[in-house]
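Working notes, structure below.
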Amino acid sequence: MDAESDGQRIDNFLLRHLKGVPRSHLYRVMRRGEVRVNKGRVQAGRRLHAGDLVRIPPLRAARPTTAPKVPDSRRDPLAESVLFEDERFLVIDKPAGLAVHGGSGLSYGLIEALRALRPGRELELVHRLDRDTSGCILISKRRSALRELHELIREGHMDKRYLALVVGDLARSTVTVDAPLKRNVLRGGERLVQVDRSEGKPARTLFRRLRHFACDWGGVTLVEAELITGRTHQIRAHAAHLGSPLAGDPKYGDEGANRQLKGLGLTRLFLHASALTFRTQDMARPLRVEAPLPDDLERILSALETAA
């Protein structure tokens, strides 16, 4: 493994170098322990270091195919969704309903749409957002930028803030959830994350109450969620653990509250990546990038205010 890939996750390393092998197959051979680093079994999140010896079992690549066809209706609006850009990276205001990458039955996602919009550019996802989550997502334009931004995330030097609507109310104005999370893959490939004190990975989220909306069926609260760690479905799982699941959440949510909110027009998960703050080595001061709350979620808040 060369210095160019130093610090990269093993799954991203394999996806970059084995482009003809289906993503699902790569993760399957990793789960089986067939991918080895320095002769040891590894999980998908293992970080590589210069000089590591990576052993890959014989794999059959799919026949070369053309790049996925991205509809103009998905590709073109992204040109107007750039919140910040310099020569090393850009921040996009991702729309809800668009996955960050193709796979699991999807022929394309955000990164494929961006590559179609900017052919020939070395664009890579720095982090991920759920398909139904809108807001700030960071894209690198250079391999060196990707390594540095991943290092900031690993060291806890990237501040990620979200706006969310939770069912009920918080016990206090600020609540910290420090509860390990374990990811399970269900039949059909669906992911479900649960608090697991014995086998879960450390996960910490800060929730801050912004505004409570009282309703005859119990009410909801607009909160700001600050990620201290970045686990899959972390905000959703931690909110459910508090007993105040996210509004519109079909997986961890409250069915009764979701029905009430659907009557007010909520048709998706109320979770929006509102701000990113970080500072790279070449910056004189930290950069903060904000994404305004989308119109569909603003309308829900207006409807709640009217109903209150």
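The values are calculated or read from the model by the stated rules, or taken from the named source; none is laboratory data. Worth saying up front: this structure is predicted, and the values here are computed from it rather than measured. Cβ sites come from the backbone with ideal geometry, for glycine too, and all protein chains shown count toward neighbours. Heavy atoms of the whole protein, side chains included, go into the accessibility calculation; ligands, DNA and RNA do not. Shrake-Rupley method; radii C 1.70, N 1.55, O 1.52, S 1.80 Å.
Table for the structure above
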read-out	value
Complete set of residues in segment 139-152 that are of a type outside the set (K, R) and either out of contact with any Ser or Thr (no Cβ under 7 Å at 6 or more places or on another chain) or open to solvent by less than 30 Å² (accessible area, probe 1.4 Å) (or both)	I139, S140, S144, A145, L146, L149, H150, E151, L152
Selection from segment 81-138 of residues that are out of contact with any Ser or Thr (no Cβ under 6 Å at 6 or more places or on another chain), among the hydrophobic types (A, V, I, L, M, F, W, C), open to solvent by 30 Å² or more (accessible area, probe 1.4 Å) and in contact (Cβ under 8 Å) with a residue 24 or more places away in the chain	L83, F84, A116, L117
Hits in segment 153-180 - residues which are closer than 23 Å to V126 by Cα, among the aliphatic types (A, V, I, L, M) and modelled with pLDDT of 95 or more	M158, L163, A164
Checking R74 against (1) in a loop (DSSP other than H, G, I, E, B); (2) open to solvent by 50 Å² or more (accessible area, probe 1.4 Å); (3) among the charged types (D, E, K, R), the condition it does not meet	(1)
Residues that are under 18 Å from the mean Cα position of the chain (by Cα), surrounded by fewer than 21 Cβ atoms within 10 Å (Cβ to Cβ) and farther than 15 Å from K160 by Cα, drawn from segment 254-292	R268
Within segment 195-308, strands (runs of 3 or more DSSP E) holding 3 or more residues that are at pLDDT below 95	none
